[in-house]
Amino acid sequence: MAMRTRNELTIQHPNAAGIDIGSSSHFVAVPADRSASAVREFGCYTQDLYEMAAWLLACGITIVALESTGVYWIPVYEVLEAYGIEVMLVNARNHLRDSSLLKLLIFHCRQFRLEKNPLKSMVIF
């Protein structure tokens, strides 16, 4: 029997963040070395979205993955795009159904940054 070799993942998107979109708040995860708090919660009002975009830019983020199963992603997408941040929309409804919110967000943020093709394992709207 041949031994399996372990392929290490390399970071393909070092300036990526993940956002879990909710109806009353949004959780944002950035790489741990970019901020004192790698995961922050933001509200859904326009001013909150502006603060989110400004924080992401301050953390050096250039691309984000929005994880949403509803329509609450639309204003977030528009604000981030207006701030010059590239946005990718993903649907986690069928991906990790039994995981807690934070574990799901952090897993997807890391997966997005590590995979050569991050959309391969996610369902796109």
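Listed residues PHE42, PHE27; which is at pLDDT 95 or above and in contact with a helix residue (DSSP H, G or I) (Cβ under 8 Å, 6 or more places away or on another chain)? Give the derivation first.
Details: PHE27 fails: at pLDDT 95 or above.
Within the list PHE42, PHE27, the selection yields PHE42.
So, ALA53, is that one of a type outside the set (D, E, K, R), within 18 Å of ALA82 (Cα to Cα) and in contact with a helix residue (DSSP H, G or I) (Cβ under 6 Å, 6 or more places away or on another chain) or not? It would help to see each step written out before you state the result.
On the way: of a type outside the set (D, E, K, R): yes; within 18 Å of ALA82 (Cα to Cα): yes; in contact with a helix residue (DSSP H, G or I) (Cβ under 6 Å, 6 or more places away or on another chain): yes.
Considered against the rule, which asks whether it is of a type outside the set (D, E, K, R), within 18 Å of ALA82 (Cα to Cα) and in contact with a helix residue (DSSP H, G or I) (Cβ under 6 Å, 6 or more places away or on another chain), ALA53 comes out as yes.
When the range 66-98 is limited to residues that are modelled with pLDDT under 90 and among the small types (Gly, Ala, Ser), the one that is surrounded by the fewest Cβ atoms within 10 Å (Cβ to Cβ) turns out to be GLY70.
Considering the range 70-83, the residues that are touching a residue at least 40 places away in the same chain (Cβ under 8 Å) and part of a loop (DSSP other than H, G, I, E, B) include one that is nearest to VAL28 (Cα to Cα), namely TYR72. Of note, VAL71 does not satisfy the criterion of being in contact with a Leu (Cβ under 7 Å, 6 or more places away or on another chain) and at negative phi. Just to be sure, is LEU105 among the hydrophobic types (A, V, I, L, M, F, W, C), surrounded by 11 or more Cβ atoms within 10 Å (Cβ to Cβ) and at pLDDT below 90? Considered against the rule, which asks whether it is among the hydrophobic types (A, V, I, L, M, F, W, C), surrounded by 11 or more Cβ atoms within 10 Å (Cβ to Cβ) and at pLDDT below 90, LEU105 comes out as yes.
Among the residues of the range 27-54 satisfying the criterion of being among the acidic types (Asp, Glu) and assigned to a helix (DSSP H, G or I), which is surrounded by the fewest Cβ atoms within 10 Å (Cβ to Cβ)? Per the stated criteria, the residue is ASP33. Looking at the structure I just gave you, is LEU57 surrounded by fewer than 19 Cβ atoms within 10 Å (Cβ to Cβ) and at pLDDT 95 or above? Spelling it out, LEU57 is indeed surrounded by fewer than 19 Cβ atoms within 10 Å (Cβ to Cβ) and at pLDDT 95 or above.
The values are calculated or read from the model by the stated rules, or taken from the named source; none is laboratory data. Computed from a predicted model, the values in this text were never measured in an experiment. In this analysis, Cβ positions are derived from the backbone assuming ideal geometry, glycine residues included, and neighbour counts consider all displayed protein chains.
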